[in-house]
Amino acid sequence: MEKKIGARSEYWRERIAEQERSGMSVHRFCEERGLTEQSLYLWRKRLRKQQPMRFALVETEPARQQHTTEPDLELVLVTGERLRIGGEVDPTALRRVLAALRA
């Protein structure tokens, strides 16, 4: 029974990641793949409860030259996705992004 639940969790984890990467609305994504929106939302909520958001400690380097394309800060999410933040980022926008990630 545990294997079955683990396999279903992994299946939905992959579908959710695929939908997020696709840029499509949940409605369109589900329609094209024969999934129900309700199932996708249910599993997304269930999986988020299982895996709390974790952040890695990031060491910053001394101030760099102005014309660099390197981010000043990089957050690596548990899912492996990376959030690169430049020094010129609007603090309000950054707070909104972080709040959305915690939701």
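All of the numbers you see were taken from the coordinates with simple rules; none came from a lab. Please read all numbers here as calculations on a predicted model, not as lab measurements. No Cβ is skipped: glycine too gets one built from the backbone with ideal geometry, and neighbour counts run over all protein chains shown.
Quick look at the numbers
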{"item": "Sites A93 and K4 - FRET efficiency at Förster radius 35 Å, r taken between beta-carbons, to 0.05", "result": "0.25"}
{"item": "Segment L42-E81, extension gain: residue separation times 0.36 nm, minus the distance between their alpha carbons", "result": "11.9 nm"}
{"item": "Extension reserve of the A17-Q50 stretch, reckoned as 0.36 nm per residue once the Cα distance is removed", "result": "10.3 nm"}
